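The values are calculated or read from the model by the stated rules, or taken from the named source; none is laboratory data. These numbers come from a predicted model, not from an experiment. Heads up, the Cβs are rebuilt from the backbone with ideal geometry, glycines too, and the neighbour counts pull from every protein chain shown. The accessibility values were calculated without ligands, DNA or RNA, using every heavy atom of the protein model including side chains. Shrake-Rupley method; radii C 1.70, N 1.55, O 1.52, S 1.80 Å.
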Amino acid sequence: MKKAIGYIRISDKDQSNFSISGQEKYIREYCERHNLHLHSIFTDEKSAKDFDRKAWQKLEDFMRTSYRDVDYLIVIKYDRFSRNAAAGLNKIEMIEKKYRIIIVSVFEQMSIDYDSPFYFKQRADMLVNAEFELRVIRDRTLFGMHEALSSGRYVSKAPTGYLNTRDIYNKPFIIIDKEKGPVVRRVFEMYLQGAPLKAISDYAVSNGFPLRGNSAITRVLTNPVYAGLVRVPAYKYSPEKVIPGIHDPLISTGDFWDIQVRLGVIKQPHTVQNEAVPLRGVLKCFCGKSLTAGNSKGKKNYYWYYKCMDHLKFNLSAIKLHKQFDDLLDNLSLDPVYLDYLRQSADRQMKEEVKLKSVRLSSVLYDLDSVTDKLESLEEKYINNAINPETYQKWHGKLKRSESALKYEKETLQEDRREYWKLYEEQLPKLSDIKAIYNMATITQKQVFIKAVFKSDLRYQDGVYRTPYLLEMFQPKAALLKEKRLLDYEKPLQISGVTPVCAPGGT
Ligand SMILES: [Zn+2]
C-alpha cells in the first residue's frame, strides 16, 4: 500500500470554501478512494509569507528524514501550496526530484502521468493563475487605497484621539474622539511648551492613552493625521506625499510642521535668511507646507517669488505678496481706545489667572498628597504580604505615573508669570502701528511676530492670506480684513473639554 501525507492551509481570503475540516475531509476521502495509507496531515492555520509557515517547516523536516516512507503529498489545490508561482514550482521540483514524493491535488486523477511535459505545464498554469488572482486583488486594493488617500480620506484604523466611522455615502471616515481627542491635543501643547517627553508620556498614560514603548510619544507627535493631514504612500509613479485630509484636525498644521523641525524629522528648511523674502519659512502653502523662495534675473534686478515644493506650478510674486501683507498689517493695527481696553483687561486677566491657578494648585497638591498616601499604603501592604507582586507592580506603575503628571502640573502652576504680563502691557502701545513696527524689525523678529499672531499657520491661497488662528486681541479686526480680502480667518473646530491656554502674548 502506497503512503501519503497531507498538507492543509487556510487563507483568510477563502475560508468559506475550504475550512480546515473541509480540506481534511477531501484529503481523507481521496486517500480512501485511491487506497492510500494516510500517515499524517500537516495544518497551517495562519497565513505567512511563502514557505515560512510553521506546519510547512515540520512537513519539510518530516520529508527530509522519512522521504523513503512517503509516496505522495496530497493538497487541495496548488494555491494551498503556494501563492508564489516561481517559488511553488521550485519547491515541487525539489520535492519530486530529491525526495521522490509526488505532489497531487485532490481534484486530479491518480492515473496522471506525472513526468509528462503537459502535466508540468498544467501545474505551472494553475500556480500562475493562483498568483495572478492574488496579484489582481492586491493591485485593486492598493489602487482603491491610493484613490481614497489621494482624496484626503483616512482609511486605516483610526489613531488614538479619533474614531472610525462612515459618512453618508458609507465610505470610511474618522471623527474626533470626544474623550481622547483633548488628551492628544494636550500632548502636543505640552511638547510645544517644552515639557520633557517623560512628563508628557506620564500625563498621557494616566489619562487613558494606550502607549507602548519609549518612542510612543514621538510616534504621536509625528503622525500627520492629528494635523488634519493624510500621508499618501508612494504608488507606481507618484512619490510619497502628505496632503490635506477631509477629517477635522486636533492641532494646527503650523504647529505640526514646527514640531517636526524640532524633533529633527524634517530639516529646518531655511537656514539662510534673506531680507528679500522674509516670509520664507513662515508663510505656508494651502497644503500646509512652508513656502520656499527663489529668484529669476530680469534686465536689472532679481525677481523674487515664493513657491511650494509640492506645488511647483504656482509661483507667487514676492512684490505682490509683500504689498498685500503690508496692507494686512496696516489694517491689523489697533486703535488707542481698544488698546486702553486691552491694558485694563490684561490687568483683570492677570488677577484672574493668579486666582484660578491657586485654586487649581491646591487641588493638585491635594491629589498629590493622596497619591503619596496610596503609594505608602501600597508598599506597606506589599511588605506585609497582603498583596501579590503582580498587583503591587500594576498599582505602583499606575500611581507613579499620576504622581509624575501631577508634579509636572504643580511646577507649571507655580511658575511666576507676573513679569510676563508686565512685558505684555509695556509692548501694547506698539500695536497701534503694526506696519511701521514690522518694517523696522529684523527678519527674525518679523518671523517671531508672524508665528505668534497666526500661530504658525498663515497660508496663501487663491490670492488671499488665510489662517485658522488669529491672536485673540486681533479678532475684532477679522470681519474688516475679510471684507477687504486681506485675510480670511476661519476658526478651526472647537472640541469641548479642552482648556484654552491663557497666553495673551502668544507663545
Ligand atoms: Zn503646497
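Using the 1.4 Å probe convention, the accessible area of the chain works out to 58 Å² per residue with neighbouring protein chains retained.
Counting heavy atoms of the protein chains alone, E426 has an accessible area of about 110 Å² for a 1.4 Å probe. In the chain, a dipole from Cβ-located charges (positive for Lys and Arg, negative for Asp and Glu) runs towards its positive end, and of Y226, L361, Q260 it is Q260 whose Cα lies farthest in that direction. Distant-in-sequence amide contacts of I10, defined by a placed amide H-H separation under 5 Å and a gap of 5 or more residues or a different chain, comprise D44.
Restricting to Cα pairs below 8 Å that are 6+ residues apart, what does the relative contact order work out to for the chain? Please round to a whole percent. Intermediate values should be presented prior to the final figure.
Working: 639 pairs, mean separation 52.5, N = 507.
Reported relative contact order: 10 percent.
When the trypsin sites (Lys or Arg not before Pro) in the stretch 148-179 are filtered for DSSP coil states and for at most 14 other beta-carbon atoms within 10 Å of their beta-carbon, the remaining sites are K157, K178.
With respect to the chain, whose longest principal axis is taken over its alpha-carbon atoms, helix 253-263 is tilted by about 70°.
Axis of helix 181-192 versus longest Cα principal axis of the chain: the two differ by about 60°, to the nearest ten degrees. At the residue level, M94 shows approximately 60 square angstrom of accessible surface with a 1.4 angstrom probe and all protein chains present.
Exposed loop chymotrypsin sites (Phe, Trp or Tyr not before Pro) only (DSSP loop, at most 16 other Cβ atoms within 10 Å): please give the longest stretch of the chain free of them, not including the sites.
Numbers: sites that count: F51, F107, Y114, Y169, Y237, F286.
Maximal segment without exposed cleavage sites: 287-507.
As I understand it, the dipole of the chain uses +1 on the Cβ of Lys and Arg and -1 on the Cβ of Asp and Glu, about the Cα centre. Which of V106, L399, S296 lies farthest toward its positive end? Looking along the dipole axis, the top candidate is S296. If R0 is taken as 35 Å, the Cβ-Cβ distance between S151 and E483 corresponds to a FRET efficiency of 0.60. Think of the chain as having a plus end and a minus end, set by charges on the Cβ of Lys, Arg, Asp and Glu; of L378, S19, G161, S19 sits farthest toward the positive end of this dipole. When DSSP beta bridges are restricted to pairs lying wholly in the chain, around 55% turn out antiparallel.
Where does each of L263, L471 land when they are ordered by accessible area, with a 1.4 Å probe and the largest first? Could the numbers behind the result be given before it?
Working: L263 50, L471 30 Å².
Ranking L263, L471 by accessible area, largest first, yields L263, L471.
Against the main long axis of the alpha-carbon atoms of the chain, helix 54-66 sits at an angle near 30°.
Roughly how big is the chain's charge dipole about its Cα centre, with Cβ charges of +1 (Lys, Arg) and -1 (Asp, Glu), in debye to the nearest 20?
Numbers: 81 positive and 65 negative charges, 256 e Å.
That gives the chain a dipole magnitude of about 1220 debye.
Relative contact order of the stretch 162-263, please, whole-number percent, based on alpha carbon pairs below 8 angstrom and at least 6 residues apart.
22 percent
For the stretch 336-428, the convex hull spanned by the alpha carbon atoms encloses 82 Å³ per residue. What is the percent carbon and sulfur in the accessible area of the chain, measuring with a 1.4 Å probe over the protein chains and ignoring ligands? Carbon and sulfur together cover 53 percent of it.
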